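Here the structure comes first, spelled out in structure tokens, and everything after it is commentary.
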Amino acid sequence: MSTSPLLQVQDLRVDFTQGQGKVFQALKGVSLNIQPGETVGLVGESGSGKTTLGRVILGLTEATSGQVIFDGEDITHASRLRRRTLGRDIQVVFQDPYGSLNPARTVGDTLAEPLLSDKTLSPRDMAQRIADVLQRVGMPADTAQRYPGQFSGGQRQRIAIARAVIAKPRLIVCDEPVSALDLSVQAQVLNLLKELQQSMGLAMLFISHDLTVVRHVSHRTVVLYRGDIVEQGDAAQVHEHPQHPYTRALLAAAPVPDPLIQRERRAQFDLARQALAAAH
Amino acid sequence: MNVATTPPPSASFVRRLLSRPLAVVALLWLLLLLVLSVGAPVFAPIDPLEQDLLALKQLPSAEHWLGTDALGRDVFSRMVHGVSLTIAGVIEAVVMASLLGLSLGVSAGYFGGLWDRCVQQYVSLVQSLPTMLIMLAVLAVFGQAMLPAMVTLGVMGSAGVSRVLRSVTLAVREELYIAAARISGLSDAHIIVRHVLPRIAGPVIVQMSLFAAIAVIVQTGISFLGLGVAPPAPTWGSMIFEASASLNDFPWLLVPSGGVVALTVLSFGLLGDSLRDASTESWSRPAVRQNVKARQAVKPKDLPTDSLLSLRDVTIVTGSGNAMRTLVQGVSFDLKQGETLGIVGESGSGKTLTSLSLMGLLPPGVHVSAGTAVINGEVIDLSNEKRLTQLRGATVGMIFQEPMAALDPCFKIGHQLAEVIRLQGLNTPQVQAKVMELLEQVKIPNPQDVAQRYPHQISGGMAQRVGIARALASEPRILLADEPTTALDVTVQAEILALLRSLSQSRQMAVVLVTHDWGVVADICDRAMVLRHGKVLESATVVDLFHRPQHPYTQALLAANPHSAKPGEVLPTVDDKLMNITGVAA
């Protein structure tokens, strides 16, 4: 793609102090770009720093060094005031559909939040936008008056997605959006994300530990291992012809829902693991 | 008092509160006091200062409902007129404590950092000062004035209140919806009002109610000393003082004055307790464990000869009578030595309950209404929890989804294993040797070193290995594994599955694996059964199940897996699939 990237992350480092002078390096100089309308899958295991990267982009965690550039503007250390307006451009979908919605607020109340900073909207416009977005994510019209407690996990994740897209953002950070969902619900939510992404021209950073899911949704895949990017490239390329031993181990480790193929993969995994052990 | 904004969920909170008799009594008493204080001239028309020197120290009569004191003043009238002074003092203190405590506690908890440290220092300073001395000093400066004294009490009391509210706010601050609100561009003030205050309203009300009880005592104490209000004016404290002066010749005086103080303090305390209980009731009420009588076991007729574990018609229900719901219905299976059976299903399918029923570990409120297990030839009715408990560990072992939660954080790994092994009556060196042997069996590198570590010092994968080692310690014939790899990374999952596979083969253990992950089923299971809404839809060898699924639901679930779809294409969802196949919605 020849257009300038929507989001540029350059040599990002994040250190966490752990007391007694110890420092944990969550990200050790990570660089990646996201083009407008592109989905970048970020894969890694626990402790790889994938969630930290998402949090830095969202302004929830301070970067130690490096830069996050959104649409040409350095937002690494954006002020609280700037961050508040950035909320219209960069949004989030969290893993836990139970924790991400306030149980004491109606769904309509929660959905209104990204619109509150826009003072030109009248209450009537806002209600209309909420009704539109709920229809868009396939929720019944009376959802706005109800409380999150009355919905299932999959429905709540739809509501969380509605909150993310209601202000028409340009980038959504999805942090394990389907990990807490059942397989049958996962398919619906993935389809919804895909559909919204295409129709609204959204760029997405799709963070997940599940390679199959990442392969399904992303255009490009980035593999994170202990705070470093070990491999990134076209999704098909990374998944079908992985270059780095860690990517190979990761791919070989994920069990395939076919007992006959899985038997062969087991042997592959043992080889990949030995290669990874040799590499480190 | 601080009144929280009440969204509809708290409407049921009020109802829960009013269903508690003690809370109702406490509220009625406080309401009565309030009415008395407003309508004092009506309810007690006798002037509380009027002395009737012909009627000194009289017991209750029609004229003087609670008798008269040493100066012949009407005790009932003095008590009623004293209410407003006491209530006013309590309100002053509570308003001060709640305003200051709320703003300090919430701001410190929400913003953290330097401000939090300053507030913490201030709170420690205030809490280290003796409240009574400070109040006496204030009274000395301002003369006999209740307002500055009670405001001082409020300031001193706000320290403790703010400390509690700070910690509640700290917990709420980490909620994801607060992060989402921040990303959406809400200001801090907005977030506090919309998201933090409603969540901490419960603790605020409880704290204030308990603080009010203290304020009543302090207010009474000050007027007992004659410091708050100039003596002839009627206050509860001065009444107690007068009663104590004539304690020897007329003890009755202490009953109304002391009684009203005691009742009020008790009411505030009980109200606080009830508020706390009512606010946590919805999630902390323990379900009643029903004592189901063990039924006589009946040997099933169709038992295969080589089965190590057989279940027949397991039905699990919750509730009773009209409210009874069936969670698992008629589940049966047979399992041979060295064989691994997968129980696959989505959340709410009853897969976990089925495995727990075999351990006699069903959660409270849930019980087996029918079902027989044949374990190693022994026929046991699943309602016989006593017998199942005996088999637990020795014959049937179990590993859990959260390896960390299954280990006690206070003890070293070696100790936790030794604890189980010691039950077999081995001596100490034998136990230690067995611990090392088990850790080696689950392929932990450096077993000597790991045995000396605490659970938080090892990784999740390592913890699951320890969990497996502990389950193996008593050499069970059957191993139940409930989502044993769901919480683990894929590379660790592959290793744990490999370990389970080799152990089940080398020990000829029968393994029941509960999971929602079809990849795991394909990897480790010989046979699998698909559960949905508590019913077995189909049961087959894994090759048949994956290559020739019989039930539409199984077909739909397998198709919904992004693994079998072309990247980027719309995934067939289970509902659509079932609709196409059966013509009805799932």
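Applying the selection to the stretch B:19-48, what residues are surrounded by 13 or more Cβ atoms within 10 Å (Cβ to Cβ) and more than 45 Å from the chain's Cα centre (by Cα)?
Result: B:F43, B:A44, B:I46, B:D47, B:P48.
Return yes or no: is A:A131 small (G, A, S) and crowded, with 20+ Cβ neighbours inside 10 Å?
Against the criterion (small (G, A, S) and crowded, with 20+ Cβ neighbours inside 10 Å), A:A131 does not qualify.
Can you pull out every residue in the stretch A:77-100 that is buried (at least 17 other Cβ atoms within 10 Å of the Cβ), under 16 Å from B:H190 (Cα atoms), at the interface with another protein chain (Cβ under 7 Å from one of its Cβ atoms) and not small (G, A, S)?
Across the stretch A:77-100, the qualifying residue is only A:R84.
In the stretch A:159-185, what residues are of a type in the set (A, V, I, L, M, F, W, C), within 27 Å of A:D142 (Cβ to Cβ), out of contact with any strand residue (DSSP E or B) (no Cβ under 9 Å at 6 or more places or on another chain) and facing chain B (nearest Cβ under 10 Å)?
Passing the criteria: A:A180, A:L181, A:V185.
Right, B:I200: within 14 Å of chain A (Cβ to nearest Cβ), surrounded by 21 or more Cβ atoms within 10 Å (Cβ to Cβ) and not acidic (D, E) or not?
Answer is yes for this residue.
Do we have any residue at all in the stretch A:191-212 that's basic (K, R), surrounded by fewer than 21 Cβ atoms within 10 Å (Cβ to Cβ) and more than 8 Å from every other protein chain (Cβ to nearest Cβ)?
Step one: of the stretch A:191-212, the residues basic (K, R) are A:194.
Among the residues that remain, those that are also surrounded by fewer than 21 Cβ atoms within 10 Å (Cβ to Cβ) are: A:194.
From what's left, more than 8 Å from every other protein chain (Cβ to nearest Cβ): none.
Checked the stretch A:191-212: no residue is basic (K, R), surrounded by fewer than 21 Cβ atoms within 10 Å (Cβ to Cβ) and more than 8 Å from every other protein chain (Cβ to nearest Cβ).
Return yes when A:A180 is at pLDDT 90 or above and of a type in the set (G, A, S) and no when it is not.
Spelling it out, it is not the case that A:A180 is at pLDDT 90 or above and of a type in the set (G, A, S).
Find all pairs meeting these conditions: Cβ atoms under 9 angstrom apart; at least six residues apart or on different chains; first residue within the stretch A:221-241 and closer than 17 Å to A:E38 by Cβ; second residue surrounded by fewer than 20 Cβ atoms within 10 Å (Cβ to Cβ) and among the acidic types (D, E).
So the pair list comes out as A:T221/A:D234.
Identify, by number, the condition in (1) within 14 Å of chain A (Cβ to nearest Cβ); (2) within 15 Å of B:A97 (Cβ to Cβ) that B:F211 doesn't meet.
Condition (1) is where B:F211 drops out.
Considering only residues that are touching a Lys or Arg at 6+ places or on another chain (Cβ under 8 Å) and outside any loop (DSSP other than H, G, I, E, B), which ones fall in the stretch A:31-57?
Restricting attention to the stretch A:31-57, the residues satisfying the condition of being touching a Lys or Arg at 6+ places or on another chain (Cβ under 8 Å) are A:36, A:38-44, A:47-49.
Matches in the stretch A:31-57: A:T39, A:V40, A:G41, A:L42, A:V43.
Determine, yes or no, whether A:S4 is in a loop (DSSP other than H, G, I, E, B) and within 23 Å of B:E174 (Cα to Cα).
Judged against the criteria, A:S4 is not a match.
Having 1 or more residues that are at pLDDT below 90, more than 30 Å from B:P198 (Cβ to Cβ) and outside the structural domain of B:R199 (by TED's automatic domain parsing) is the bar; report the strands (runs of 3 or more DSSP E) wholly within the stretch B:270-364 that clear it.
Passing ranges, in order: B:307-318, B:325-336.
Do the conditions hold for A:P257, that is, is it facing another protein chain (nearest Cβ under 9 Å), free of Cβ contacts under 8 Å to residues at least 60 places away in the same chain and more than 18 Å from the chain's Cα centre (by Cα)?
yes
Suppose we filter A:E231, A:E264 for residues that are more than 8 Å from chain B (Cβ to nearest Cβ), outside any helix (DSSP H, G or I) and surrounded by fewer than 22 Cβ atoms within 10 Å (Cβ to Cβ); which single one remains? Break it down into steps so the answer makes sense when it comes.
Values: A:E264 fails: outside any helix (DSSP H, G or I).
When all the criteria are applied, what remains is A:E231.
Mind listing whichever residues of the stretch A:56-86 are touching a residue at least 60 places away in the same chain (Cβ under 8 Å) and either under 13 Å from the mean Cα position of the chain (by Cα) or closer than 27 Å to A:Q186 by Cβ (or both)?
Passing the criteria: A:I57, A:L58.
Which ones in the stretch B:49-86 are surrounded by 21 or more Cβ atoms within 10 Å (Cβ to Cβ) and of a type in the set (A, V, I, L, M, F, W, C)?
If the condition is that a residue be surrounded by 21 or more Cβ atoms within 10 Å (Cβ to Cβ) and of a type in the set (A, V, I, L, M, F, W, C), then B:L66, B:V75, B:M79, B:V80, B:V83, B:L85 are the ones that fit.
Grab the helices (runs of 4 or more DSSP H) fully contained in the stretch B:1-111, keeping just those with 1 or more residues being of a type in the set (S, T, N, Q) and at pLDDT 90 or above. Please lay out each step first, then the result.
Working: elements: B:9-18, B:21-38, B:40-43, B:75-111.
Answer list for the stretch B:1-111: B:75-111.
Please tell me if B:R507 is of a type in the set (K, R) and surrounded by 19 or more Cβ atoms within 10 Å (Cβ to Cβ).
no
Listed residues A:D175, A:D132, A:D182; which is acidic (D, E), closer than 25 Å to A:R84 by Cβ and without any contact (Cβ under 8 Å) to a residue 60 or more places away in the chain? Lay out the reasoning, then the answer.
Working: A:D175 fails: without any contact (Cβ under 8 Å) to a residue 60 or more places away in the chain; A:D182 fails: closer than 25 Å to A:R84 by Cβ.
A:D132 is the lone residue from the list that is acidic (D, E), closer than 25 Å to A:R84 by Cβ and without any contact (Cβ under 8 Å) to a residue 60 or more places away in the chain.
The values are calculated or read from the model by the stated rules, or taken from the named source; none is laboratory data. Source: prediction; values computed, not measured. No Cβ is skipped: glycine too gets one built from the backbone with ideal geometry, and neighbour counts run over all protein chains shown.
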